[in-house]
Structure formats: C-alpha cells, structure tokens
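Single-structure report; data block below.
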Amino acid sequence: MIPASADLEEAVRLLQAGELVAFPTETVYGLGADAANPAALARIFAAKGRPADHPLIVHLPGAGHLEQWARDIPPAARKLAEAFWPGPLTLILARSPDVPRAVTGGQETVGLRVPAHPLALALLSAYARAGGGRGGRCGIAAPSANRFGRISPTDAAHVREELGDAVALVLDGGACEVGIESTIVDFSRPGLPPRLLRPGHITPGQIEDAIGERPESPDGARDAAGTPRVSGSLRGHYAPRTAMRLVASGDLLRAVEQASAQGRRCGLLSRSPVQLPTHSRRRLPDEPQAYARGLYAALRELDRAGNDLILAEDVPTGPDWAAVADRLRRAARGAGA
Ligand code: TXA
Ligand code: MG
C-alpha cells in the first residue's frame with residue numbers, strides 16, 4: 001500500500017507546481033495543495049464545490065513549523081500539540097500576517113495539524129526537504145477529499161469516486177485508522193478558555209488531562225457575524241444522498257415496518273444484533289472507535305444499495321460516543337438534500 005519514493009517525488013513536484021494531491025491521513029483522506037499558493041488553494045475550492053469562506057486545515061511536518069503559520073501561540077496549545085501530534089488534533093490559532101486569505105476563509109485564525117499516517121508524514125517531510133511551497137513555507141492545506149457536504153473518504157477508492165479527474169494524484173495508504181475527522185480545539189481567543197469546535201477521536205477528557213483545563217463545548221461555533229467558522233458544524237454535513245433517520249434501538253422494528261408499509265426500501269445501520277427484514281444492512285462494532293473506523297464506508301455502501309431510507313440505530317449518549325453521535329446527527333440532517 002505504501003507507494004514507492006518515486007510517487008512521493010511526483011506528489012511533491014505536483015504540489016510545488018500548484019496541483020492537487022490527495023493523500024491518506026489517520027482520520028480521513030485529504031485533498032492537498034500548497035497552502036502558500038492562492039491559485040492552488042482556488043483549485044481545492046473548485047474541486048470540492050466548497051464556498052470560499054470555509055477555512056482549510058494546514059498540515060505540517062512537525063510542531064517546529066508552527067511559527068511559519070501562527071503567532072501568539074498560548075502555552076496550553078503547545079502542550080496539547082506535544083501530547084497529541086502527530087495525531088488527530090487540529091489547533092485553531094491566531095494566523096501569521098502572510099497566510100493567504102483562501103486558507104483562513106478571511107478570518108484572523110488558522111487551523112493547523114500534524115497528521116499521524118506514515119504516508120502523510122513521509123509526504124510532508126519530502127515536501128520540507130524539497131524546500132516546501134511558495135516562499136519556502138512548508139504546509140499542505142487539505143480538507144477532506146469529498147465534494148462539499150458529502151461523506152468523507154476513508155480509502156483511496158472513495159476519493160476517486162468523489163473527485164475523479166479533478167485531482168492530479170491519489171496516494172493510496174489503505175483504509176484510515178480513525179475514520180472520522182480530527183478533534184478541533186480553538187485557542188485563538190485571548191484570555192478565554194479553549195473551545196472544542198469539532199468533537200473527534202481525542203476527547204475533552206484527554207484534553208483536560210493534557211492541559212489541566214476542559215475545553216468549552218462546541219455551542220456557538222458561529223461568530224457574531226454568522227460566518228460559518230467550521231463547515232462541519234453546518235446542519236447537513238457528512239451526508240449520504242439517501243434520506244437517513246436516527247432511531248432508538250427499541251423503535252427499529254416499528255420504523256422498518258412503517259417504511260415497508262409505505263413501500264420504501266430500507267437500509268439498516270446497526271450496532272446491536274437485531275435481525276430485521278430490510279433491503280440491505282451493515283452492522284458496525286458496538287464500541288465507539290471501531291464504529292468510527294467503519295462508519296463512512298458503511299454509509300457509502302448503504303447509499304449505493306438502492307435504499308429509499310437509511311435507518312441508523314442510535315448510539316449511546318456520553319463522552320466516548322460523542323464524536324460518532326455528532327457525525328450521525330449531521331448525516332441524518334443533511335441526507336437526501
Ligand atoms: O481530520 C481532519 O481534520 C481532515 C484531514 C484531511 O486532516 N480534514 C478535514 O478538513 O476534516 P475539512 O476542511 O473537511 O474540515 C476542516 C474543518 C472545517 O470545518 C473548517 O471550517 C475548520 O476545520 N477550520 C479550519 N480552519 C479554521 C479556522 N481558522 N477557524 C475555525 N475553523 C476552522
Ligand atoms: Mg470535510
């Protein structure tokens with residue numbers, strides 16, 4: 001699965017030429033471009049069909065590159081980076097003055113992360129060795145490599161399905177370990193506590209253990225002007241095309257019967273061993289990390305299987321399941337749109 005170094009050299013050459021390269025991270029696949037090159041960034045927005053005021057995450061080879069992109073970095077942010085980088089954590093920090101507007105969506109902040117996938121790290125260090133991008137700045141801007149609002153890709157085939165020829169090269173690193181997007185923590189508000197903008201694999205409890213402070217909850221992830229600060233916080237996101245409903249375990253049978261009475265073909269996404277007469281079904285492990293790993297591939301399969309309705313068995317409340325619950329809620333809200 002890990003490509004030969006010739007592929008990495010080609011990827012670096014393409015990035016430096018302002019082209020798009022998709023690559024695996026431990027969370028989901030990213031659609032990468034030189035974060036210092038506005039023309040390359042415009043290609044990301046065009047390929048995804050993403051509105052230009054949605055900021056991008058810049059991927060770095062290591063925390064040593066933070067100062068190229070951010071300023072006034074609080075000690076707690078550095079501590080968190082030390083604890084979890086490389087890993088599924090994005091920090092929102094005050095941006096350096098010369099970070100292109102396209103990266104920040106016009107905001108004064110920038111999202112930064114060091115991914116843990118060996119191939120992402122190999123790409124980032126090859127890029128750094130080759131002198132990085134425009135002006136010698138070394139960062140690869142990469143949103144999830146899906147069309148705007150759709151299910152994030154967790155293997156290379158999903159990327160090709162989503163973006164086809166819009167991407168010059170797809171580096172294939174197999175299926176993503178984590179399976180849902182990184183935890184985003186906002187450290188950009190001087191004098192205010194850190195804030196969790198997107199729940200993920202790294203939980204508020206783990207963050208508190210690392211910095212001695214629990215991040216504020218994601219509420220109010222829109223700023224006063226109503227600018228969408230986190231596109232994953234929009235109502236319909238991570239969504240299949242098929243309509244989708246979240247159903248409590250005890251109500252599944254009734255929901256399936258009701259749908260069949262209406263002549264609708266149902267796909268079931270379950271985690272308990274229920275046996276129901278649905279058109280198609282996918283069962284995921286009843287454990288949050290394993291569930292997250294399989295979630296997007298399962299949604300894609302159910303989306304493709306000719307269902308009129310996807311019924312997803314609800315997941316437990318509580319911090320361990322919070323990131324999965326967040327993605328399921330948004331998928332259900334956006335589905336069929
Ligand atoms: O796991 C991940 O984070 C993946 C992989 C590829 O690294 N990337 C990812 O990117 O999920 P994307 O663009 O699909 O989602 C990034 C989120 C968006 O919701 C964006 O609004 C938010 O991060 N974001 C980026 N920069 C930000 C900033 N300066 N302030 C607030 N939110 C920001
Ligand atoms: Mg995304």
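The values are calculated or read from the model by the stated rules, or taken from the named source; none is laboratory data. The model shown is predicted, which means the values in this text are computed figures rather than measured ones. No Cβ is skipped: glycine too gets one built from the backbone with ideal geometry, and neighbour counts run over all protein chains shown.
Observations
- Screening the range 13-26 for residues that are over 13 Å from HIS158 (Cβ atoms) and touching a Cys at 6+ places or on another chain (Cβ under 9 Å) and picking the one that is farthest from ligand 1 (Cβ to nearest atom) gives GLU26.
- In the range 146-185, residue farthest from ligand 1 (Cβ to nearest atom) [restricted to those that are farther than 24 Å from ALA122 by Cβ and over 16 Å from the mean Cα position of the chain (by Cα)]: ASP165
- Selection status of ARG113, touching a helix residue (DSSP H, G or I) at 6+ places or on another chain (Cβ under 6 Å) and under 16 Å from ALA35 (Cα atoms): no
Conditions tested, residue by residue: (1) away from ligand 2 (no atom under 13 Å from the Cβ); (2) modelled with pLDDT of 95 or more.
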{"position": "PRO153", "(1), (2)": "no, yes"}
{"position": "ALA157", "(1), (2)": "yes, yes"}
{"position": "ASP165", "(1), (2)": "yes, no"}
{"position": "ALA168", "(1), (2)": "yes, no"}
{"position": "LEU171", "(1), (2)": "yes, yes"}
{"position": "GLU177", "(1), (2)": "yes, yes"}
{"position": "ILE180", "(1), (2)": "no, yes"}
{"position": "THR183", "(1), (2)": "yes, yes"}
{"position": "ASP186", "(1), (2)": "yes, yes"}
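The rows are residues; the columns are (1) on the phi < 0 side of the Ramachandran plot; (2) surrounded by 15 or more Cβ atoms within 10 Å (Cβ to Cβ); (3) in contact with a Pro (Cβ under 9 Å, 6 or more places away or on another chain).
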| site | (1), (2), (3) |
| --- | --- |
| VAL247 | yes, yes, no |
| VAL256 | yes, yes, yes |
| GLN262 | yes, no, no |
| LEU269 | yes, yes, no |
| THR278 | yes, yes, no |
| ARG281 | yes, yes, no |
| PRO285 | yes, no, no |
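- Any chance GLY64 is away from ligand 2 (no atom under 16 Å from the Cβ), modelled with pLDDT under 95 and surrounded by fewer than 15 Cβ atoms within 10 Å (Cβ to Cβ): no
- Restricting attention to the range 86-112 and to residues that are away from ligand 1 (no atom under 12 Å from the Cβ) and either on the phi > 0 side of the Ramachandran plot or free of Cβ contacts under 8 Å to residues at least 40 places away in the same chain (or both), the residue that is surrounded by the fewest Cβ atoms within 10 Å (Cβ to Cβ) turns out to be PRO97.
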